[in-house]
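Working notes for the structure below.
The values are calculated or read from the model by the stated rules, or taken from the named source; none is laboratory data. Just so you know, these numbers come straight off a predicted model, no measurement behind them. Here the Cβ positions follow ideal geometry from the backbone for every residue, glycine too, while neighbour counts run over all protein chains shown. SASA here: full protein model, heavy atoms, side chains in, ligands and nucleic acids out. Shrake-Rupley method; radii C 1.70, N 1.55, O 1.52, S 1.80 Å.
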Amino acid sequence: TDLSTKLFSIAISRIRVIQENRHRAVLIPIPASTREKNRIRYQEFCRKLSADIGVADGYEAIILTADRPQLKGTHGQANLDFHPEYFKDKCVLLIDDLLTTGEGFIQTRRKLIQHGAKFVIGLFLAKTIAFEDEQE
């Protein structure tokens, strides 16, 4: 958590629009596939990172209503409950540990904007890379 917090903090410090709008920015994770994985992966991380960078903690802005591990990779949002009071008229830093196709980010960003977010910036710790010999 500490290393991830530091890496994200450094990256965010270089995003001018967030620095200029820190007073109305919120940090929101793209939920994991289960409530327990989401809690383990993001609750403490969001608390630490939001305090470190001086923005609101939006850990509870998107709640998993049901564990749906069978949906992993399908990017369905039927099991997500959005709470606009966390992000309406805000600049959202939407974070995830891993970017694979980007579809989860795109769908979540779209929903946040539909519910009133001013704009959404995606930040990811890593990107999945498929090597040619693995695609065969």
Hey, any idea what % of the chain's accessible area is carbon plus sulfur with a 1.4 Å probe? 51 percent
Could you sort His115, His23 by accessible area so the largest value comes first, with the probe set to 1.4 Å? His23, His115
For Asp67, list long-range residues whose amide hydrogen, built 1.01 Å from N in the peptide plane, is under 5 Å from its own amide hydrogen. Arg35
Can you compute the FRET efficiency between Glu103 and Glu132 using 1/(1 + (r/R0)^6), with r the Cβ-Cβ distance and R0 = 35 Å? Round to the nearest 0.05. 0.95
